[in-house]
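Note sheet for the following structure.
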Ligand SMILES: [Zn+2]
């Protein structure tokens, strides 16, 4: 019996707070194996052995004619306080399913697993790969990057991929992410000379240096030509200084910044710009890159998904490249990638929930998409868009 709601409810019961698994990937693997997938649970270790991440790869069909992947993650962020229900005890209430991770992204996993389970019951020419990582929320190398390296080395890379992350904004199907901006975290540091605040000639204030640089960068005019993306934006996130007295200026200050950037830039150009500006303010920079901007231009994927959404929900999807980054930034260099799933409004919040009808419709959308992708005629008696209760 393939039932997306009860499958998702079972997934919620697994306390897979990142990077713990608590049986979530075994549950998915057992489900996929029961409908004929070959499944492979893999533990990837960091070279020093300090980090181990559990991941799942599952495959159906051997044809290399068309290879479609579904990508997701089974880990969730910690629940935090203030829930009105137990975050790991699924509750159905007023037409909703409540539980940590239901939107991000156990609902997406449940929907695409149930869709493929139904789809593979009929013959088709191609193969389906399911990739599920166990640490997307903290994103170490032993999750998606190791899994993709394994796919490449073993000839298991999909040609096209749907990421089941939450993408819808106000109603299911109103937004598809075709890409995301790039992201770099920056640590700004200044080392000065401590001194009494009343004697400016006797100190070098590290805090002033950092503040001047950050203010300068907040006012920097970023170019904005590629309108597929929101404009490049820099934001400070942390400020530290080693001073606890009001009449002393600190000799050490650091600040953390994040820049989200469109395809008008790539990471190396941005780093060069920031480095050049930093030299004017006597600050040093450390960069932690998390990927360049990317965008899917594959018309076949886009039109198959848009028409699947319209047929199930009656909604015309808009394309976007806003939002946070996802594992898409790693898989995009291997295959065409498109991101579509439940509403993202309640992710990482207390009382995370989704409409039951959205889960059912998401499964139907993925199933429609599978049929279009593999050119299987849809059953003309299938319901067109159902009225959402
Ligand atoms: Zn997610």
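Okay, residues lined up against (1) outside any strand (DSSP E or B); (2) within 14 Å of the ligand (Cβ to nearest atom); (3) surrounded by fewer than 21 Cβ atoms within 10 Å (Cβ to Cβ); (4) at pLDDT 95 or above:
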site: 88; (1), (2), (3), (4): yes, no, yes, yes
site: 92; (1), (2), (3), (4): no, no, yes, yes
site: 107; (1), (2), (3), (4): yes, yes, no, yes
site: 112; (1), (2), (3), (4): yes, yes, no, yes
site: 123; (1), (2), (3), (4): yes, no, yes, no
site: 140; (1), (2), (3), (4): yes, no, yes, no
Flagged in the stretch 146-174 as in contact (Cβ under 8 Å) with a residue 60 or more places away in the chain, more than 16 Å from the ligand (Cβ to nearest atom), within 19 Å of the chain's Cα centre (by Cα) and outside any loop (DSSP other than H, G, I, E, B), in numbering order, are 146, 148, 160
Among strands (runs of 3 or more DSSP E) entirely within the stretch 1-86, at least 2 residues that are surrounded by fewer than 18 Cβ atoms within 10 Å (Cβ to Cβ) and touching a residue at least 12 places away in the same chain (Cβ under 8 Å) occur in 38-45
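Taking into account only those residues within the stretch 125-138 that are part of a loop (DSSP other than H, G, I, E, B) and over 13 Å from the mean Cα position of the chain (by Cα), which is surrounded by the most Cβ atoms within 10 Å (Cβ to Cβ)?
Within the stretch 125-138, the subset part of a loop (DSSP other than H, G, I, E, B) is 125-126, 134-138.
The next check asks that each one be over 13 Å from the mean Cα position of the chain (by Cα); those that pass are 125-126.
Numbers: 125: 11, 126: 19.
For the stretch 125-138, the residue satisfying everything is 126.
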Taking the conditions exactly as written (more than 16 Å from the ligand (Cβ to nearest atom) and at pLDDT 95 or above), does residue 118 satisfy them or not? yes
Of (1) more than 16 Å from the ligand (Cβ to nearest atom); (2) over 30 Å from residue 373 (Cα atoms), residue 100 satisfies every one except (1)
Discussion item. Condition check: within 14 Å of residue 167 (Cβ to Cβ) and either touching a residue at least 12 places away in the same chain (Cβ under 8 Å) or crowded, with 18+ Cβ neighbours inside 10 Å (or both). Does residue 339 satisfy that?
Written reply: yes
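Before we move on, is residue 127 under 25 Å from residue 312 (Cα atoms), modelled with pLDDT of 95 or more, out of contact with any helix residue (DSSP H, G or I) (no Cβ under 8 Å at 6 or more places or on another chain) and away from the ligand (no atom under 16 Å from the Cβ)? Quick ask: steps written out before the conclusion?
Working: under 25 Å from residue 312 (Cα atoms): yes; modelled with pLDDT of 95 or more: yes; out of contact with any helix residue (DSSP H, G or I) (no Cβ under 8 Å at 6 or more places or on another chain): yes; away from the ligand (no atom under 16 Å from the Cβ): yes.
Considered against the rule, which asks whether it is under 25 Å from residue 312 (Cα atoms), modelled with pLDDT of 95 or more, out of contact with any helix residue (DSSP H, G or I) (no Cβ under 8 Å at 6 or more places or on another chain) and away from the ligand (no atom under 16 Å from the Cβ), residue 127 comes out as yes.
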Only one of (1) more than 15 Å from residue 176 (Cα to Cα); (2) more than 16 Å from the ligand (Cβ to nearest atom); (3) buried (at least 19 other Cβ atoms within 10 Å of the Cβ) does not apply to residue 287, and that is (3)
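Within the stretch 175-189, is there a residue that is in a loop (DSSP other than H, G, I, E, B) and away from the ligand (no atom under 15 Å from the Cβ)?
Just the residues of the stretch 175-189 that are in a loop (DSSP other than H, G, I, E, B), to begin with: 178, 181.
From what's left, away from the ligand (no atom under 15 Å from the Cβ): 178, 181.
Yes, the stretch 175-189 has at least one match.
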Listed by range, helices (runs of 4 or more DSSP H) wholly within the stretch 266-347 having at least 3 residues that are modelled with pLDDT of 95 or more are 267-279, 299-313
Selection over the stretch 196-227 where residues are touching a strand residue (DSSP E or B) at 6+ places or on another chain (Cβ under 6 Å) and surrounded by fewer than 16 Cβ atoms within 10 Å (Cβ to Cβ) yields a count of 2
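The values are calculated or read from the model by the stated rules, or taken from the named source; none is laboratory data. Here the structure is a predicted model, which means the values were calculated and not measured. Every residue, glycine among them, receives a Cβ derived from its backbone with ideal geometry; neighbour counts consider all protein chains shown.
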